[in-house]
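Structure first, then comments.
The values are calculated or read from the model by the stated rules, or taken from the named source; none is laboratory data. This structure is a prediction, so every number in the text was calculated from the model and none was measured. Here the Cβ positions follow ideal geometry from the backbone for every residue, glycine too, while neighbour counts run over all protein chains shown.
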Amino acid sequence: MSADHPGRSGEFHAADGAQPGDLNTLRTALAVAERRAATLAELVSLMSEGRDALALAHRSVELTARATRAAGAFVYLWDRDHERLVLRVATEGWQRAHLDRISLRLGEGVTGWSALMRQTVVVPADPWKDPRFKTFPELRETSFKSMVAVPIVAPGEDVLGVFSLYGLTERVFSDDDVNLASEVGALLASGLLQAETLGRLRVQSAAARFLSDLPEGAWISLGACLDTMAAQCVHHLEADACLLEVTADRAQPHGGTSVLATSAGFRERHDPANGDWDRADILQALGPDGHHRIRIPLGIDVPLGALTCWRSRRFTPDDQMLTEAIGAQVAAGVLSVLGAEHVSPMLHQLTSAPDSAATDGVLRRHGFEPRPVWACLIRLLPAAPAPGRGDEQLDGLLAELLPATDNDDTCPALIVSGADGRHLLLFDQTDPATRQRFVDRLTAARRRAAWRFTAGIGPVAPAAEQTHRVIRHAMTAAQWADLMGHPDSDIVRYEDIAHLRLLPTTALTMSGPLNTLLQSFGALVRYDLDNGADLALTLDALLANNGSVAKTSAQLFIHRNTLRQRIQRIEELIGQSPEDFQDAVAAGLAVRLLRESEQELSHQPPMRTRVRCPHAVLTVGRACCGLPQACPLTAG
């Protein structure tokens, strides 16, 4: 056969025996290719599973360390909010105890330099001697003899982190190992972006299902509910610990309860010698141990307590939003177990009570037996110059209002304070003269500069079962006081406005025509303020006198010809004759509003020097269109 095919036979023997080094090279290359293919295939499979970013990074570290025979591997991820590379993943060893505690700036250390330059860095011997190296004694990196740092760069050149491999001997990483690490870094960049998006959606979905995902056993008691929700908070917020504090019953002096949940990682890092930690030990460890805290109140209208979370990483604005969303569901869960009557402030319970039975129940639950009373609802204004908190300001005001002697009968039998500056005072002395003395003192205090408040005074209840009605009437009077907001009318007695109870409904039915007339009459206000004229006053008098020129001129003390000239100017400005109004009542009310507007606007800078409303809305009083916070003209 060799004679027939000498060339092929010679080639075979040369490949088979004359060049054994080539076969070893081929076998080595094949093994490297197989390891590379297996590693990359498993990473692609992990990405398709939708793992979270840390789980993906952790598995990538394990696979690459095994494929390259590395003694250790780290992943530093970029923290956008604090602009630091933070150690988030490490292989088994003492380095894991320092996750989330080691951080580098861009360009700092070999790792930071790799991220800054977007380049793979190979340090074949003693990386800790490299001039770029930054030492962290707790990581014991001096035990490593070689290093590879690969930047994790997303499309668009955004740095997501750095992937590092370490060896115990010099020059342990071959070119193939470096190439594999670079490919893993590229895959990891895509995986981290995908995991970040999926993770955000997963967390938002979990937060939305926070209550529905709680097991049935969580609803058997408040304690079980809080324990389960605290553990869920630890999970969703990736926190080391969460503290849930709830006021279980405001009618009881010690009606609060709280639970504390910790993560498995925190317990591993802070395992006590005796294996048994109490609550004080945990809270003490969370304080000085480099933990960051986020705290939000539970409940808005009805304050229930607070949710506090700690973790070694800083909380981001997204974490704040997620915490608030979860806190809203925690508050709803607590309310569903307790019922609002146990946790809402007493003032809220009284002002929202639907009937007499509910009001009496609230009073009795707080130790006050219903009896004939009269009520005063005071609201301390936020801009009050008096120092101190709201309750301290109330104490100071009451010290001025109430007598120094014990035999005076104007002391309230019950004071109920709210979180919004409102305070309800119930008096059981139902003599009208006693009530009037208190109102006089309240009026005198209001006229002094030290206090700014509004007050509504309810009528005297002749019977205990009318307490609910008395409180409601005091609320109505207080609402009128807030609405008028005038120094001479911010203390309102119910009997002074009782006949106006249907006025808001009537005003709403007239809202459309009034708005049209006010827009038409706005030219009068501008003309009066710009020229020092009295056209609005003239139109008001004319309508009040049923269009009689004689009566109007006599009332205004002007000549009839002067009145006719004014009427002509009014017609030119509003585009119609005052005699042609279809609804004289609405027209008269609109003009009266304009006169009030002129009185307030006359104390402001002249119209010529003021910027006009950008929406061309007539300023009726100081409130303009009713949205002063949104108006650029109301500053100052």
Exercise. Among (1) exposed (fewer than 15 other Cβ atoms within 10 Å of the Cβ); (2) aliphatic (A, V, I, L, M); (3) within 15 Å of residue 188 (Cβ to Cβ), where does residue 153 come up short?
Worked result: (1)
Exercise. Which of the residues that make up region 158-185 are surrounded by 15 or more Cβ atoms within 10 Å (Cβ to Cβ) and among the hydrophobic types (A, V, I, L, M, F, W, C)?
Worked result: 159, 160, 162, 163, 165, 172, 173, 178, 180, 181, 184
Exercise. Which number in (1) modelled with pLDDT of 80 or more; (2) touching a Leu at 6+ places or on another chain (Cβ under 8 Å) marks the one condition that residue 451 misses?
Worked result: (1)
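Kindly establish whether residue 323 is assigned to a helix (DSSP H, G or I), among the hydroxyl-bearing types (Ser, Thr, Tyr), buried (at least 20 other Cβ atoms within 10 Å of the Cβ) and under 25 Å from the mean Cα position of the chain (by Cα). Break it down into steps so the answer makes sense when it comes.
Values: assigned to a helix (DSSP H, G or I): yes; among the hydroxyl-bearing types (Ser, Thr, Tyr): yes; buried (at least 20 other Cβ atoms within 10 Å of the Cβ): yes; under 25 Å from the mean Cα position of the chain (by Cα): yes.
Yes: the conditions hold for residue 323.
Determine, yes or no, whether residue 536 is more than 30 Å from residue 446 (Cβ to Cβ) and either in a helix (DSSP H, G or I) or touching a residue at least 60 places away in the same chain (Cβ under 8 Å) (or both). Before you say what the answer is, go through the steps one by one.
Numbers: more than 30 Å from residue 446 (Cβ to Cβ): yes; either in a helix (DSSP H, G or I) or touching a residue at least 60 places away in the same chain (Cβ under 8 Å) (or both): yes.
Answer is yes for this residue.
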Problem set entry | Filtered residue count, region 67-90, keeping only those that are surrounded by fewer than 20 Cβ atoms within 10 Å (Cβ to Cβ) and either at pLDDT below 80 or over 36 Å from the mean Cα position of the chain (by Cα) (or both) | 5
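Can you find, within region 241-279, the residue that is modelled with the lowest pLDDT among those that are exposed (fewer than 12 other Cβ atoms within 10 Å of the Cβ) and closer than 23 Å to residue 313 by Cα? First the steps, then the outcome.
Kept after step one, since they are exposed (fewer than 12 other Cβ atoms within 10 Å of the Cβ), are these residues of region 241-279: 253-254, 264, 268, 271, 273-276, 278-279.
Keeping just the survivors that are closer than 23 Å to residue 313 by Cα gives 264, 268, 271, 279.
Values: 264: 82, 268: 74, 271: 62, 279: 71.
Among those residues, the one meeting the criterion is 271.
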Seminar exercise, completed: Residue hits (region 212-232; modelled with pLDDT under 80 and buried (at least 16 other Cβ atoms within 10 Å of the Cβ)) are none
For this session: Within region 539-587, work out how many residues are surrounded by 14 or more Cβ atoms within 10 Å (Cβ to Cβ) and outside any helix (DSSP H, G or I).
Result: 4
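Does residue 433 satisfy the condition of being more than 19 Å from residue 459 (Cβ to Cβ), without any contact (Cβ under 8 Å) to a residue 24 or more places away in the chain, assigned by TED's automatic domain parsing to the domain that holds residue 359 and surrounded by fewer than 17 Cβ atoms within 10 Å (Cβ to Cβ)? Talk me through it step by step, then tell me what you get.
Numbers: more than 19 Å from residue 459 (Cβ to Cβ): no; without any contact (Cβ under 8 Å) to a residue 24 or more places away in the chain: yes; assigned by TED's automatic domain parsing to the domain that holds residue 359: yes; surrounded by fewer than 17 Cβ atoms within 10 Å (Cβ to Cβ): yes.
In short, no.
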Problem set entry | First in region 504-521 and closer than 15 Å to residue 573 by Cα, second anywhere and not small (Gly, Ala, Ser), Cβ under 7 Å, 6 or more apart | 518/593; 518/618; 518/620; 519/618; 520/574; 521/574; 521/591; 521/594
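Over 15 Å from residue 76 (Cβ atoms) and exposed (fewer than 15 other Cβ atoms within 10 Å of the Cβ), is that true of residue 118? Explain how you work it out, then say what you get.
Working: over 15 Å from residue 76 (Cβ atoms): no; exposed (fewer than 15 other Cβ atoms within 10 Å of the Cβ): yes.
Taking the combined requirement at face value, the residue does not satisfy it.
May I ask you to verify whether residue 460 is more than 30 Å from residue 571 (Cβ to Cβ), in contact with a helix residue (DSSP H, G or I) (Cβ under 9 Å, 6 or more places away or on another chain) and assigned by TED's automatic domain parsing to the domain that holds residue 378? I'd like the intermediate steps shown before the answer.
Values: more than 30 Å from residue 571 (Cβ to Cβ): yes; in contact with a helix residue (DSSP H, G or I) (Cβ under 9 Å, 6 or more places away or on another chain): yes; assigned by TED's automatic domain parsing to the domain that holds residue 378: yes.
The answer is yes for residue 460.
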For this session: Report, by residue number, each residue of region 530-543 that is touching a helix residue (DSSP H, G or I) at 6+ places or on another chain (Cβ under 7 Å) and small (Gly, Ala, Ser).
Result: 533, 536, 541
Exercise. Does residue 446 qualify as being under 35 Å from the mean Cα position of the chain (by Cα) and modelled with pLDDT of 75 or more?
Worked result: no
Problem set entry | Residue check, residue 134 surrounded by fewer than 16 Cβ atoms within 10 Å (Cβ to Cβ), without any contact (Cβ under 8 Å) to a residue 40 or more places away in the chain and outside the structural domain of residue 267 (by TED's automatic domain parsing) | no
Exercise. Do we find a residue being in contact with a helix residue (DSSP H, G or I) (Cβ under 9 Å, 6 or more places away or on another chain), modelled with pLDDT under 80 and not assigned by TED's automatic domain parsing to the domain that holds residue 426 anywhere in region 323-333?
Worked result: no
